[in-house]
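The values are calculated or read from the model by the stated rules, or taken from the named source; none is laboratory data. If you're wondering where the values come from, they're calculated on a predicted model, not measured in any experiment. Backbone-built Cβ (ideal geometry, glycine too); neighbour counts: all protein chains shown.
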Amino acid sequence: MSEIRPIVMPKWGLAMAEGKVLEWQAGVGDVVSEGQEILDIETSKIVNSHESPVSGKIRRIVVDEGGTVPVGALLGVCAPETVSDAEIEDYVAEFLENFDWEAASEDSVAEPEFADTPVGRIRYLRQGNGEGAPIILVHGFGGDCMGWSFNQSELAEFRPAYAIDLPGHGGSEKNVGDGTVSYLARSLSAFLDAVGIRRAHLVGHSLGGAVSAALELESPGTAESISLIAPAGLGEDINIDFIDGFISQRRMRKLRAVLEMLVADSSLITDTMVEDVNKFKRLEGSAEALAALRNGAFSECRQQFRFEERLGAISAPVQVIWGRQDRILPVAHAESLPDGIRRLVLEDVGHMPHMESAGEVNDAILSFVR
Amino acid sequence: MPTKSFRDALNEGLRQEMERDDRVIIMGEDIAGGMGAPGEDDAWGGPLGVTKGLMPQFGRERVLDTPISESAFIGCAAGAAVTGLRPVAELMFVDFMGVCFDQIFNQAAKFRYMFGGKATTPLVIRTMYGAGFRAASQHSQCLYPLFTHIPGLKVVLPSNPYEAKGLLIQAIRDDDPVMFFEHKVLYDDEADVPDEIYTIPFGEANVTREGDDATVIAFGRMVNLANEAADKLGAAGITVTVVDPRTTSPLDKETILETASETGRVVVVDEAHPRCNLATDISALICENCFDDMKAPIKQITGPHAPVPFSPSLEDLYIPKVEAIEAAVRELVGKGH
């Protein structure tokens, strides 16, 4: 029986309770390998491909296309030829009998926490109880701590993983000071002090990448490692139409067109994601915060904080991960980095590698942690 | 994001504004549980339960039970507003508004104009409207078109709990008199509502669905029916844009005209009686401004020109249905080029 391996509904983010099977990309009888995209799943927030957790031949599909089941429910079964159909039947029957449907539906929402810091209240989501320097996930412009759905749980298996809301974002204090990267870096530092973290593996996306690097430059020795995902700060160029459209567009169709610039495959942008951006922008203080960042970090339509000349001053290992199809910050910024900086460029990926190619990004981050 | 009912979303909006600004007071019949009457204080939190818990937190000075005299307390609220408070008055049923028309139409709505802009009237009147509650003809009307007609009043029709909180906070912060319409069958509806304070601007329509084949413009409770119809039609390959104007005054004409022109086929859904309602108003607006973009005549889905019946089966017939919206869209999609 141990040769039989289940494929279950994954948990993408703490708010996910159930998912819908949109399309199987592999069928009964197909041999799949671990990490291969085998089916598309839709949650209330997002649509994405699920990578097979196992290698082997698909022997049974339990949930057909269109079916909606809780996290952890059996979707399909992999097993070698040598396992008989009867054994597969027994395995599926046993799984279904032992699966607690009610508990699975209810066991869903972990609550973010808050830290009081000198720059105001910072909201964060903590997962994992492992030992060693924790992993700190820092989102980009307009994002929040919920944006690491495909990463945080996996990373938290190895280290405590904290995803934070930068000032001006999510549930954190809306004052962003002068709206510069330096201010955000000081805020991140204040957060680490408040929760008692001295050293951490910093993972920053876009604006959050610049913030992570700025923190290490201003407080050397904070970072065990730095993983920069499509980071700001490595060149002058930025797609200011994205920033301005994000701030000004409200109608779903128009805001969607702006958000589609983030990804290579525009079908990744769901109506819920678009509406969530509108909801964020309506929170008291959000509009002022975004405008302050626009006028601080990106004034004159250029990146005002640059650190490519100072990369050599960082003693912690640094890697840069970029999507070839990035339409917000050009992948060319990754080209002239000094030796010793690890570089991973992903084809057919836009500005959201941690979402669009989560498995590879998680592996890269973990290579610095393990 | 936490899930809250329409009722609790309104309660939270009131509470957060009362915490933020001590000029905000609330008044209405039994909103604290019956001042001067025997029995438990805060027993009811209003006939709708929306103000539950506010009297214990803010005291009798700011949470005022009023006599059953709508003309008295609506007049009182209008007067308090011009003297610098920010009252939120709860007038149980919009059907009772008749006895305070002078206070609303002639006084509150006109102060800013008559005093050359030197007076402001930051007054909110919350009220319950609509059919579906077996409450008969004197407690079931959709009288928002009457108030939309009056310059100087703002008129708000929230369609779900998220909208209710953001629009109520905006209403309280607005310096003009605002009529805030709560559909009585929506109070127990639930949705994700942020704990944080947020506002939704007036005069900015919400496009809840985006499609190519037809545009459905719906008001208040009807937005949910329009969304349901759009989702059913979408499964059949007909894609529909749904527009919730949110406020009938000010009205987001730009979004209405833009979405009407995009599809060229329009259905307007308004629970009010058919004459001089929002459906006729929106139809005229579209005909006047983008007639050349229309591929088919505009369809209006409304209640009939008759009082709301007390008989449950007749009342059910009275209220516009999802199926009627679907059928109207299908009829239009068969026309034009």
*State the number of residues belonging to segment A:199-241 that are part of a loop (DSSP other than H, G, I, E, B) and surrounded by fewer than 24 Cβ atoms within 10 Å (Cβ to Cβ).*
10
*Given the residues B:Ala72, B:Ala77, B:Ala109, B:Ala81, which is the only one that is surrounded by 16 or more Cβ atoms within 10 Å (Cβ to Cβ) and either in contact with an Asp or Glu (Cβ under 6 Å, 6 or more places away or on another chain) or farther than 22 Å from B:Lys165 by Cα (or both)?*
B:Ala109
*Which residues, taken from segment B:215-247, are surrounded by 24 or more Cβ atoms within 10 Å (Cβ to Cβ), of a type in the set (Gly, Ala, Ser) and more than 14 Å from every other protein chain (Cβ to nearest Cβ)?*
B:Ala218, B:Gly220, B:Ala226, B:Ala229
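Among the residues of segment A:42-69, write down those that are among the small types (Gly, Ala, Ser) and either in a loop (DSSP other than H, G, I, E, B) or more than 22 Å from the chain's Cα centre (by Cα) (or both). Steps first, answer last, please.
To start, the set of residues in segment A:42-69 that are among the small types (Gly, Ala, Ser) comprises A:44, A:49, A:52, A:55-56, A:66-67.
Passing the criteria: A:Ser44, A:Ser52, A:Ser55, A:Gly56, A:Gly66, A:Gly67.
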_Residue in segment B:195-209 that is farthest from the other protein chains (Cβ to nearest Cβ), counting only those that are under 18 Å from the mean Cα position of the chain (by Cα) and of a type in the set (Val, Ile, Thr)_ = B:Thr208
_Search result, residues across segment A:171-184 that are crowded, with 23+ Cβ neighbours inside 10 Å and over 18 Å from A:Gly285 (Cβ atoms)_ = A:Val181
*Answer yes or no: is there a residue in segment B:183-193 that is buried (at least 20 other Cβ atoms within 10 Å of the Cβ) and within 11 Å of chain A (Cβ to nearest Cβ).*
yes
*Take the residues of segment A:332-347 that are of a type in the set (A, V, I, L, M, F, W, C) and in contact (Cβ under 8 Å) with a residue 40 or more places away in the chain: which is surrounded by the fewest Cβ atoms within 10 Å (Cβ to Cβ)?*
A:Ala332
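Can you tell which of B:Asp176, B:Asp212 is surrounded by fewer than 23 Cβ atoms within 10 Å (Cβ to Cβ) and more than 11 Å from chain A (Cβ to nearest Cβ)? Talk me through it step by step, then tell me what you get.
Details: B:Asp212 fails: more than 11 Å from chain A (Cβ to nearest Cβ).
Exactly one residue qualifies, and that residue is B:Asp176.
Give me the residue from segment B:267-315 that is of a type in the set (Val, Ile, Thr) and part of a loop (DSSP other than H, G, I, E, B) and, out of that set, nearest to B:Thr239 (Cα to Cα). Lay out the reasoning, then the answer.
Within segment B:267-315, the subset of a type in the set (Val, Ile, Thr) is B:267-269, B:280, B:282, B:286, B:298, B:301-302, B:308.
The next check asks that each one be part of a loop (DSSP other than H, G, I, E, B); those that pass are B:298, B:308.
Values: B:Ile298: 17, B:Val308: 33 Å.
Among them, the one singled out is B:Ile298.
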*Return the residue satisfying two criteria in turn: it lies in segment A:127-143 and is modelled with pLDDT of 95 or more and not aliphatic (A, V, I, L, M), and of such residues it is nearest to the chain's Cα centre (by Cα).*
A:His139
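Going by what's in this entry, would A:Val318 be described as under 30 Å from B:Pro201 (Cα atoms) and either buried (at least 21 other Cβ atoms within 10 Å of the Cβ) or in contact with a helix residue (DSSP H, G or I) (Cβ under 8 Å, 6 or more places away or on another chain) (or both)? Walk me through it before giving the result.
Working: under 30 Å from B:Pro201 (Cα atoms): no; either buried (at least 21 other Cβ atoms within 10 Å of the Cβ) or in contact with a helix residue (DSSP H, G or I) (Cβ under 8 Å, 6 or more places away or on another chain) (or both): yes.
For A:Val318, the condition - under 30 Å from B:Pro201 (Cα atoms) and either buried (at least 21 other Cβ atoms within 10 Å of the Cβ) or in contact with a helix residue (DSSP H, G or I) (Cβ under 8 Å, 6 or more places away or on another chain) (or both) - is not met.
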*Of the numbered conditions (1) surrounded by fewer than 19 Cβ atoms within 10 Å (Cβ to Cβ); (2) over 21 Å from A:Glu356 (Cβ atoms); (3) of a type outside the set (A, V, I, L, M), A:Glu34 satisfies every one except a single condition; which is it?*
(2)
*If you check every pair at least six apart or on different chains, which have Cβ atoms under 8 Å apart with a residue in segment A:218-234 that is of a type in the set (S, T, N, Q) first and a residue that is part of a loop (DSSP other than H, G, I, E, B) second?*
A:Thr222/A:Arg198; A:Thr222/A:Arg199; A:Ser225/A:Ala316; A:Ser225/A:Pro317
*Mind listing whichever residues of segment A:1-36 are assigned to a loop (DSSP other than H, G, I, E, B) and of a type in the set (Lys, Arg)?*
A:Lys11
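In segment A:242-289, which residues are in contact with a helix residue (DSSP H, G or I) (Cβ under 8 Å, 6 or more places away or on another chain), free of Cβ contacts under 8 Å to residues at least 12 places away in the same chain, part of a helix (DSSP H, G or I) and more than 10 Å from chain B (Cβ to nearest Cβ)?
As a first pass, look at segment A:242-289 and keep what is in contact with a helix residue (DSSP H, G or I) (Cβ under 8 Å, 6 or more places away or on another chain): A:242-247, A:249-252, A:254-266, A:268-269, A:271, A:273-275, A:277-282, A:286-287.
From what's left, free of Cβ contacts under 8 Å to residues at least 12 places away in the same chain: A:249, A:251, A:254, A:260, A:266, A:279, A:282.
The next check asks that each one be part of a helix (DSSP H, G or I); those that pass are A:254, A:260, A:266, A:279, A:282.
Scanning segment A:242-289 gives A:Glu260, A:Ser266.
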*Report whether or not A:His333 is under 22 Å from the mean Cα position of the chain (by Cα) and either within 14 Å of A:Ile243 (Cα to Cα) or not assigned by TED's automatic domain parsing to the domain that holds A:Ile247 (or both).*
no
